1. Check Ser86, Ser74 and return the single one that is hydroxyl-bearing (Ser, Thr, Tyr), in a helix (DSSP H, G or I) and in contact (Cβ under 8 Å) with a residue 24 or more places away in the chain.
2. Any idea which of (1) farther than 23 Å from Ala177 by Cα; (2) crowded, with 19+ Cβ neighbours inside 10 Å; (3) among the polar types (S, T, N, Q) is the one Thr59 doesn't satisfy?
3. Residue by residue through region 76-88, note down the ones that are open to solvent by 10 Å² or more (accessible area, probe 1.4 Å) and over 24 Å from Ser203 (Cβ atoms).
4. Criterion first (at positive phi and small (Gly, Ala, Ser)) does Gly76 satisfy it?
5. Of everything in region 21-59 that's small (Gly, Ala, Ser) and at pLDDT 95 or above, which residue is farthest from Gln213 (Cα to Cα)?
6. Please state which one of Arg123, Arg113, Arg105, Arg91 is over 22 Å from Arg40 (Cβ atoms), open to solvent by 10 Å² or more (accessible area, probe 1.4 Å) and in contact (Cβ under 8 Å) with a residue 12 or more places away in the chain.
7. Can we say Thr35 is part of a helix (DSSP H, G or I) and open to solvent by less than 50 Å² (accessible area, probe 1.4 Å)?
8. Would you confirm, using the coordinates I've provided, whether Pro99 is in contact with a Lys or Arg (Cβ under 7 Å, 6 or more places away or on another chain), open to solvent by less than 40 Å² (accessible area, probe 1.4 Å) and farther than 28 Å from Ser205 by Cβ?
Amino acid sequence: IEFDLIRRISPMECLRKAWSGKEAKDKAPNIARLTDMFNRKSRWIEQAILTAESTKDRTRLIEYFITVAQSCLSLGNFNGMMVFLSGLQSRCISRLKKPWTSKKRAAVEELSRLIENNFRELRRLQAQTSPCVPYIGMSLTDLTFIEDGNQDFLPETNLVNWNKIKLAASVIERLQAAQSKGFEFQPDKLIISILRNLAPTISDSKAYEISLQLEPKEKEKEKEKEDKKDEKK
């Protein structure tokens, strides 16, 4: 699913931050679909963990999602890996203590090291892996820095800033390299249908509210104890 959207992205979608703003769906439809899917899936992961019936179930889900993230990494699906990492590292999940073990924390930290130092390790892996689904967020971050950090025309001569064009072209060329070779998996229509229809049904604020209900902050715990003492008096 993700590779199908990646391979459809045109160079024009990558220019002048076409993927941002109110006209993103018209100017950069495939990037918009991919980022929307990324956000929906990572929020669904949060919801699945938060709405589990018990701490034991939440622990199993966290372990399962870590396994899927690692599997995505081994298959070269870096965008998919980041979907799961984003969900697991969200504030409403990472702040929980009961369902996490030191081993699971270490596994997530190992994955997160790939994006440290401006995605240094992730860049190396993507360059060496084919086929792969590149992490679109990294490409968009690079293109944003290039667009915002470089003028279109040189101030001294008013000539076209050719260096800016070359920088943007290098990002687009890396994306096109990934588009050139696809995966040979046999699509499963049922699983694809399920994945495409997965979507969160609770808002970000509601998710954090549930997280606080599961494990209140220390100050809130102390307040609850004081309220109970007052009730007894």
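The values are calculated or read from the model by the stated rules, or taken from the named source; none is laboratory data. These figures come from a predicted structure and were not determined experimentally. In this analysis, Cβ positions are derived from the backbone assuming ideal geometry, glycine residues included, and neighbour counts consider all displayed protein chains. Keep in mind that these areas ignore ligands, DNA and RNA; they rest on the heavy atoms of the full protein, side chains included. Shrake-Rupley method; radii C 1.70, N 1.55, O 1.52, S 1.80 Å.
1. Checking each option against the conditions leaves just Ser86.
2. Among (1) farther than 23 Å from Ala177 by Cα; (2) crowded, with 19+ Cβ neighbours inside 10 Å; (3) among the polar types (S, T, N, Q), Thr59 violates only (2).
3. Hit for region 76-88 is Asn77, nothing else.
4. The answer is yes for Gly76.
5. Ala28
6. Answer to the check: Arg123.
7. Yes: the conditions hold for Thr35.
8. For Pro99, the condition - in contact with a Lys or Arg (Cβ under 7 Å, 6 or more places away or on another chain), open to solvent by less than 40 Å² (accessible area, probe 1.4 Å) and farther than 28 Å from Ser205 by Cβ - is not met.
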